[in-house]
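> Before anything else, here's the structure in question.
The values are calculated or read from the model by the stated rules, or taken from the named source; none is laboratory data. In this text the structure is predicted, and so the values were computed from the model without any measurement. Note: ideal-geometry Cβ built from the backbone for every residue, glycine included; neighbour counts use all protein chains shown. The area values use the complete protein model at the heavy-atom level, side chains included, leaving out ligands, DNA and RNA. Shrake-Rupley method; radii C 1.70, N 1.55, O 1.52, S 1.80 Å.
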Amino acid sequence: MSNAKTIMSDQVVTVPASMDIQEAVEIFINRKFTSVPVMTGSGELAGQLTEVILIRLLVLSKGQPGKYKKLAHCLELLEKPVFVDPTDSIPLVLKAIMQSQTKRVFVSKDRNKINGIISPKDLLIALAQNDKTASEIQTALETK
């Protein structure tokens, strides 16, 4: 049976809360990101930065550059992370993704270290490559 660990992207790019908002904008544009985890100086996950939130932060930083210069000044505006365990089944991952505002979930055993991230694209790839995964999800959806 497939699980979160088998479909996650394990190359997770994070940005520090100390990063300037303008730098984050450049990363989103240049790397074509739609969301990225933001880490505090102590290595904890502060939340998830999305394109929509970044637009808001950019407007705030242009209007009040002294107050909104770095991501750390806006941590309360980040999306709260949703976690799944590496051993969670694909149907559980799908349910978590549907409940997440960003439609992304972090894979973590203890919620301190991010082992991976799963987006809808990761689910699409798993479904396209493996009929068994689609069957597992279908069965889980039918029993609900």
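> Any idea which of Pro81, Pro86 is assigned to a loop (DSSP other than H, G, I, E, B), under 17 Å from the mean Cα position of the chain (by Cα), in contact (Cβ under 8 Å) with a residue 60 or more places away in the chain and under 30 Å from Leu127 (Cα atoms)?
Only one candidate passes the filter, namely Pro86.
> Would you mind stating whether Thr87 is open to solvent by 50 Å² or more (accessible area, probe 1.4 Å) and in contact with a helix residue (DSSP H, G or I) (Cβ under 8 Å, 6 or more places away or on another chain)?
Spelling it out, Thr87 is indeed open to solvent by 50 Å² or more (accessible area, probe 1.4 Å) and in contact with a helix residue (DSSP H, G or I) (Cβ under 8 Å, 6 or more places away or on another chain).
> Filter the stretch 102-125 for residues that are at pLDDT below 90 and basic (Lys, Arg); which is most open to solvent (accessible area, probe 1.4 Å)?
Top of the filtered list is Arg111.
> Within the stretch 71-85, is even one residue within 17 Å of Ser18 (Cβ to Cβ) and of a type in the set (Phe, Trp, Tyr)?
No, there is no match, as no residue in the stretch 71-85 is within 17 Å of Ser18 (Cβ to Cβ) and of a type in the set (Phe, Trp, Tyr).
> Which of the residues that make up the stretch 13-54 are open to solvent by less than 40 Å² (accessible area, probe 1.4 Å) and either touching a Ser or Thr at 6+ places or on another chain (Cβ under 6 Å) or basic (Lys, Arg) (or both)?
The answer is Ala17, Ile21, Ser35, Pro37, Met39, Ala46, Gln48, Thr50.
> Looking at the stretch 89-116, which of its residues are touching a residue at least 60 places away in the same chain (Cβ under 8 Å) and assigned to a loop (DSSP other than H, G, I, E, B)?
Scanning the stretch 89-116 gives Thr102, Arg104, Arg111, Asn112, Ile114, Asn115.
> Only one of Ser35, Ser18, Ser9, Ser42 is at pLDDT 95 or above, under 23 Å from Asn112 (Cα atoms) and among the hydroxyl-bearing types (Ser, Thr, Tyr); which?
Ser18
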